[in-house]
Amino acid sequence: EKIEKIEKPEKPEPMAPFIPPPIAPPAISGDLRATAVVIEVLRMSRRDLGPVAVLICVAGAAAQVVNLGGTFFLALLQVHDIELVAALFLAAVQFWKLCCENMCKIAVMRNARDVDAGDVDRWSRLHPTSAWAAVAGAFEGYRQVLLIDARRCLSIAWNSVLTIPVPYLGLIKLLDYALCVPVFLFEGKVGAGCLKRSEELMYGSRILLLKTAVYLIGLFSIAAGVTVGAFMVLCPTLPALLLPPQVQATAEAAGEAAAATAAAAATWAEGAAAAVGESAAAAAAAEMVNAASSGPTIGDAAAGIFSGSAFDRVWDIGTPAEKWATIALLAFAVAGSFAFTVVLRQLVYVFHREVAARWTPPPPPPPPPPGGGGLRGLLRKAQFWKKNAGEGEEALSTEGGVEGNQGVEGAEGQTGVFGVENARSGSDVSGDDGGGIPRLTPASV
């Protein structure tokens, strides 16, 4: 007898450490289009701009408390000069800032869902106490969000490496895992189940999300270009002031530098002419002269802006108009960065809300083959010349049944309505068959 294998009960799917609230109803009617999603994202960003600003300030304050308080405590103990202690403290501070950023992300998405569902008013999170309660309530999920971000970053990086030099698989995975955080917050899935659920929701919607992101980035690029152009018109001397300073040499110093450069180029050209020819030497000499007389480049200007040295020159030698223009430009840059962050998080939330409302479960997978799965089932399928167990008996029983049915049908065809024929073969139609039982015929009846 075949001993049936006792199947172990399946482990329950891991869930979030909190009860996820139901997803808010969709706000976009009809089919999803990129323009409709852009309009909805901008509407929600404008609606939640104040609460999100308070949530970000509260989370940033929590991060700076640890940073400044830890620095003061280390200075009080006089151990801040030790390199190992300073390195460990810096790593801890950066990790805590990352945790605060994730808690702020969770609080922003929960606030958007609560306002959509009507659980709270749009202005309720403007109070610092309510905002702190929202950020502190997100502490229970920050660890899972960190793990989810780590898993999807590794998957995106690995798929990008596989398709170098065009990392299209990385872009596909980036779109597939875009909804992991709202799936965790509002559906309670964690780990691999969260990534799988995000893939299910994004199936067929990758191009829509990509188009929406491109439209939003285009709007922000246009806004940044218009802002910078307006500052250049209002203060035309500001770009020249932000560039690295050029060396202001006198005419005599410039002449001596030009003569020295020309002599060095001629000497180098004579040596190079013997090796590579006159044309190559002339080109090399011209390149050397251009390199010696070239001024600051756009890369130098960008490096000065990012390092802050360009703004130092504005505070040192700039006019009051240039200083106020620089302050206004920096304020616009901070506001633009904040607005872009808010719009990006609202895009992820809105896309999850709309796609989840329109998602239909796929049909169930086909049943497994009778040979089973795994390596044993694959080997059994490969042995096509062998019959499965029970095929021979089934064939014999089917063949015998067919023959029996044919015999019964033949007997019924030979038996008339007036008599019954004998089953023995070779019997006569009208008489006895030699000692056997006589057969009834219409005449005898």
Over the range 34-64, the set of residues more than 18 Å from F338 (Cβ to Cβ) and touching a residue at least 24 places away in the same chain (Cβ under 8 Å) is A34, T35, V37, V38, E40
Under 7 Å by Cβ, and 6 or more places apart or on different chains, what pairs join a residue from the range 329-356 that is over 18 Å from P21 (Cα atoms) and in contact (Cβ under 8 Å) with a residue 12 or more places away in the chain with one that is of a type in the set (K, R) and open to solvent by less than 60 Å² (accessible area, probe 1.4 Å)? R345/K105
Quick test for you: out of A53, A36, pick the one residue that is open to solvent by less than 60 Å² (accessible area, probe 1.4 Å), over 23 Å from K189 (Cβ atoms) and more than 23 Å from the chain's Cα centre (by Cα). A53
Hey, can you tell me all the residues within the range 325-371 that are of a type in the set (F, W, Y) and open to solvent by less than 30 Å² (accessible area, probe 1.4 Å)? Y349, F351
Checked the range 138-153 for anything surrounded by 20 or more Cβ atoms within 10 Å (Cβ to Cβ) and in contact (Cβ under 8 Å) with a residue 60 or more places away in the chain; matches are G141, Q144
List pairs: first in the range 181-198 and of a type in the set (S, T, Y), second open to solvent by less than 10 Å² (accessible area, probe 1.4 Å) and assigned to a helix (DSSP H, G or I), Cβ under 6 Å, 6+ apart or cross-chain? S198/C180; S198/V183
Please find, among V79, V66, the residue that is over 24 Å from the mean Cα position of the chain (by Cα), outside any helix (DSSP H, G or I) and surrounded by 13 or more Cβ atoms within 10 Å (Cβ to Cβ). V79
Could you tell me whether any residue of the range 290-300 is modelled with pLDDT of 75 or more, open to solvent by less than 50 Å² (accessible area, probe 1.4 Å) and not β-branched (V, I, T)? no
Of the residues in the range 65-111, how many are free of Cβ contacts under 8 Å to residues at least 24 places away in the same chain and within 27 Å of D48 (Cβ to Cβ)? 1
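The values are calculated or read from the model by the stated rules, or taken from the named source; none is laboratory data. It should be emphasised that the depicted structure is a prediction, and the values quoted were computed from it without experimental measurement. Virtual Cβ from ideal backbone geometry, glycine too; neighbours counted across all protein chains shown. The area values use the complete protein model at the heavy-atom level, side chains included, leaving out ligands, DNA and RNA. Shrake-Rupley method; radii C 1.70, N 1.55, O 1.52, S 1.80 Å.
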